[in-house]
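Read through the structure below, which is laid out as structure tokens, and then see the notes.
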Amino acid sequence: MGYKAEKDRIEGQLKILKRIMLGVATGALVGLCVFSACVPANTWKYRVGKPKIASRVEKELRIHFIDVGQGDATIVELPDGRVLLIDGGDGSADANKALLRYMYALKLKTVDYLVVTHADSDHCGGLDEVMKNFDVKRAYIPATETTVNIEYAEFYSALMKEDCDWTYVSRKIDLSSKNDAAPYVLTALYPYSDEEITEEESNDASAVLWLDYCGVSALFMGDAPTAVEETLLREDKVEAFADRSVHLKETEILKVAHHGSADSTSKEFLDYLNIETAVISCGENNVYGHPTQTVCKNLQDAEVETYRTDLDGSVMITVTEDGKYTIENMGK
């Protein structure tokens, strides 16, 4: 084969290769355009890098304590398929990615119940992003000034923009299901009323939720201090919660209050309850020293198996209809 013929052959192959590459690039560009049209740009970052989580089995209850750093965010997949979200982290980029990627990994489209325990930024900061990405059916929010901080103001603005059904969180809230196939108790124990609170009273009015399924009970304490713990114990001793089928003394799972701060999770509180497993949501090497040595010792003395999001990452607890539960570290 002569030099010219060889040159023409190679150039011909290069032209074919260029056409192929151009076709691939065009196809990729078209695909990206279609994806952009279907998926808002601000959500792309939440649809990649998702954790791998198995699908929920029918009639299972799953509680996901999300590692959002120094903040709180808990997803509850209820036995009837409804979804409860308690708080939403501090709104930082890392916290938002952790929460929303986890939610997309669960293939959620709807949040049936959103409970904001109180207006502190480390509990409400990421909820405006949740409102933008998911269909929130009903929200329960603290009775506080909507401008108490920037993060809460942004959430409240998103709540109004989405025209979401909402009410103030209080003891009046009872979301229990009487479904014979998978009945459960889900109710607010605190605060007592929906009267307006100030920023200084925020933790004192932090919402407390109790959940029971097939005899396994969980208590979500928000940032409630020891004064609230004492109130709950006093009420339970006189069976004030009995009309809602709440038996505080039988609680087995505890979402530790206020990230393990010394102003909560008292020895008396743990001695009264039947806690087997506790989860502390706190940030790695946080400036507050959470969880404190006092709380860690109280949990250790009560022989409670304790998980920490700063050490263990997100934690998933699965309750089956035979009244047993398992715990899984989802990792950092």
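So the values come out like this:
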read-out: Selected residue (only one of GLY91, GLY69 is open to solvent by 10 Å² or more (accessible area, probe 1.4 Å), closer than 30 Å to LYS324 by Cα, under 13 Å from the mean Cα position of the chain (by Cα) and in contact (Cβ under 8 Å) with a residue 60 or more places away in the chain); value: GLY69
read-out: Criterion (farther than 21 Å from ASP87 by Cβ, modelled with pLDDT under 95 and not hydroxyl-bearing (Ser, Thr, Tyr)) met by exactly one of GLU200, GLU195; value: GLU195
read-out: So VAL216, is it β-branched (Val, Ile, Thr) and without any contact (Cβ under 8 Å) to a residue 60 or more places away in the chain; value: no
read-out: The range 103-121 residues that are free of Cβ contacts under 8 Å to residues at least 60 places away in the same chain, paired with ones that are aromatic (Phe, Trp, Tyr) and open to solvent by 20 Å² or more (accessible area, probe 1.4 Å) (beta carbon under 9 Å, 6 or more apart); value: LEU114/TRP166
read-out: Criterion violated by GLU145 - all others in (1) farther than 21 Å from MET330 by Cα; (2) charged (D, E, K, R); (3) modelled with pLDDT of 95 or more satisfied; value: (3)
read-out: Test: residue in the range 323-332 that is among the aliphatic types (A, V, I, L, M) and either touching a His at 6+ places or on another chain (Cβ under 7 Å) or touching a residue at least 60 places away in the same chain (Cβ under 8 Å) (or both); value: yes
read-out: Residue that is surrounded by the most Cβ atoms within 10 Å (Cβ to Cβ), among those in the range 165-179 that are polar (S, T, N, Q) and under 24 Å from TYR192 (Cα atoms); value: SER170
read-out: GLY81, sole failed condition from (1) in contact with a helix residue (DSSP H, G or I) (Cβ under 9 Å, 6 or more places away or on another chain); (2) free of Cβ contacts under 8 Å to residues at least 40 places away in the same chain; (3) of a type outside the set (Phe, Trp, Tyr); (4) at positive phi; value: (1)
read-out: Subset of the range 110-164 [open to solvent by less than 50 Å² (accessible area, probe 1.4 Å), among the hydrophobic types (A, V, I, L, M, F, W, C) and farther than 23 Å from TYR192 by Cα]; value: VAL111, LEU127, VAL130, MET131, PHE134, VAL136, ALA153, PHE155, ALA158, LEU159, CYS164
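The values are calculated or read from the model by the stated rules, or taken from the named source; none is laboratory data. The model shown is predicted, which means the values in this text are computed figures rather than measured ones. As a convention, Cβ positions derive from the backbone with ideal geometry for all residues, glycine included, and neighbour counts pool all protein chains shown. Side chains included, ligands, DNA and RNA excluded: accessible areas come from the protein's heavy atoms. Shrake-Rupley method; radii C 1.70, N 1.55, O 1.52, S 1.80 Å.
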